[in-house]
Amino acid sequence: MGKGMKAGKRPNPNKGMKQAGAQAEQLRRMQEMQKRMEEIQGEIEAKEVETTAGGGAVKVKVNGRKEIAAIEISRDALDPEDVEMLQDLIMVAVNEGLRQIDEITQAEMGKVTGGLSIPGLD
């Protein structure tokens, strides 16, 4: 008698077929999830957020590909004596735009993955 076999118990010939069917179903679901994630990624890439800093002195638009699409600087923010302040305002607005795109990406992908942590999506 083989290891783990009980006397009088015969192997179930359908067990392998059930496992293969379950694996095929799991593969089908994963392919559907991947397709949906690609669709959502395309939707996210088409999105654009606008952020401001300094009470609107600096406006930045960031798209879903994490690229800066536009920067607007108010003339009031242009002070040759305080270039550092303008640099800080630009940095704050850009970082906020990137943060918002990350937040949108995580929320949208979370709808598909059901909260699973998938490397490369964080």
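Is it the case that some residue within segment 83-93 is among the acidic types (Asp, Glu) and exposed (fewer than 14 other Cβ atoms within 10 Å of the Cβ)?
Yes: segment 83-93 contains one or more residues that are among the acidic types (Asp, Glu) and exposed (fewer than 14 other Cβ atoms within 10 Å of the Cβ).
The set of residues from segment 38-62 being touching a helix residue (DSSP H, G or I) at 6+ places or on another chain (Cβ under 8 Å) and either within 15 Å of MET91 (Cβ to Cβ) or assigned to a strand (DSSP E or B) (or both) comprises VAL49, GLU50, THR51, THR52, ALA53, GLY54, ALA57, VAL58, LYS59, VAL60, LYS61, VAL62. When LYS35, LYS66 are checked against the criterion of being part of a loop (DSSP other than H, G, I, E, B), within 23 Å of VAL112 (Cβ to Cβ), modelled with pLDDT of 90 or more and not hydrophobic (A, V, I, L, M, F, W, C), LYS66 stands alone in meeting it. If you check GLY8, GLY56, GLY4, GLY16 for being modelled with pLDDT of 95 or more and over 25 Å from the mean Cα position of the chain (by Cα), only one passes: GLY56.
The values are calculated or read from the model by the stated rules, or taken from the named source; none is laboratory data. Nothing here was measured: the structure is a model prediction, and the numbers come from that model. Heads up, the Cβs are rebuilt from the backbone with ideal geometry, glycines too, and the neighbour counts pull from every protein chain shown.
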